[in-house]
1. For Thr81, work out the one condition from (1) in contact with a Leu (Cβ under 8 Å, 6 or more places away or on another chain); (2) among the polar types (S, T, N, Q); (3) free of Cβ contacts under 8 Å to residues at least 60 places away in the same chain it doesn't fulfil.
2. Step by step: first the residues of region 13-43, then only those that are assigned to a strand (DSSP E or B) and either modelled with pLDDT of 85 or more or of a type in the set (Gly, Ala, Ser) (or both), then the one that is surrounded by the fewest Cβ atoms within 10 Å (Cβ to Cβ). Which residue is that?
3. Of the conditions (1) within 19 Å of Val60 (Cβ to Cβ); (2) surrounded by 15 or more Cβ atoms within 10 Å (Cβ to Cβ); (3) over 21 Å from the mean Cα position of the chain (by Cα); (4) not hydroxyl-bearing (Ser, Thr, Tyr), Gly88 fails just one. Which one is it?
4. Given the residues Ala124, Ala153, Ala120, which is the only one that is surrounded by 15 or more Cβ atoms within 10 Å (Cβ to Cβ), modelled with pLDDT of 80 or more and touching a helix residue (DSSP H, G or I) at 6+ places or on another chain (Cβ under 7 Å)?
Amino acid sequence: MENRILRYFEAEMRAKDGGNMEVEGYALKFEKETQIGSKKWGWLEKIKRTALDGADLSDVVFNFNHDMSNILAGTRNESLTLTADNTGLKTVARIADTSTGRDVYKLIEEGLICRMSFMAIISASEWIWADDDSDESDRREITGFGRFYDVSAVTFPAYEDTELGTRGSEVAVRSFSAELAQRKQQIYERQINRMEKILGGKM
């Protein structure tokens with residue numbers, strides 16, 4: 001089942017030299033395990049290196065705070081290029097010469113905007129469940145993406161350990177309210193299954 005997610009990442013992004021308002025970096029990196037949410041309800045997650053193989057990157061925009069009324073670059077006119085390499089999703093954006101574009105570029109250049117995120121559909125993932133008596137977290141591996149909608153510079157992400165700046169790096173935590181609800185349901189169902197086993201199926 002496909003589900004749309006909003007993900008916040010630490011990212012490597014910097015203003016390019018040349019005066020043409022270009023920024024470049026990585027919107028996501030592969031194989032970086034990250035704690036999603038709290039220890040009680042959360043999980044460890046990483047994006048597999050092959051997850052972008054079937055992704056639809058044909059119509060993606062670069063914007064500010066996921067505001068679709070302020071599009072700053074896009075793949076349609078080739079002002080935004082997204083390329084999967086051995087590291088992750090390489091992002092190069094030539095920001096439009098508008099008042100918003102100039103402001104956002106200046107803030108990125110000065111390091112005042114230092115976060116980014118993307119919105120996409122997960123088409124495939126695998127869960128690895130920890131033992132019931134273990135203190136370890138369950139693990140989720142994202143093995144496939146569908147359509148990407150945007151990559152965005154953001155001011156205040158849902159989690160403060162995200163980073164997008166002149167020289168950021170690792171994958172960080174994400175916005176996941178819908179996934180958290182699904183996760184709680186999974187834990188509830190596992191608890192019911194354990195109780196049924198203990199009671200010999202008499203529930």
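The values are calculated or read from the model by the stated rules, or taken from the named source; none is laboratory data. Quick caveat: nothing in here was measured; it's all calculated off a predicted structure. Positions of Cβ are generated from backbone atoms using ideal geometry, with glycine treated the same way; all protein chains shown enter the neighbour counts.
1. The one condition Thr81 does not meet is (1).
2. Glu22
3. Against the list (1) within 19 Å of Val60 (Cβ to Cβ); (2) surrounded by 15 or more Cβ atoms within 10 Å (Cβ to Cβ); (3) over 21 Å from the mean Cα position of the chain (by Cα); (4) not hydroxyl-bearing (Ser, Thr, Tyr), Gly88 comes up short only on (3).
4. Every option except Ala153 fails the conditions.
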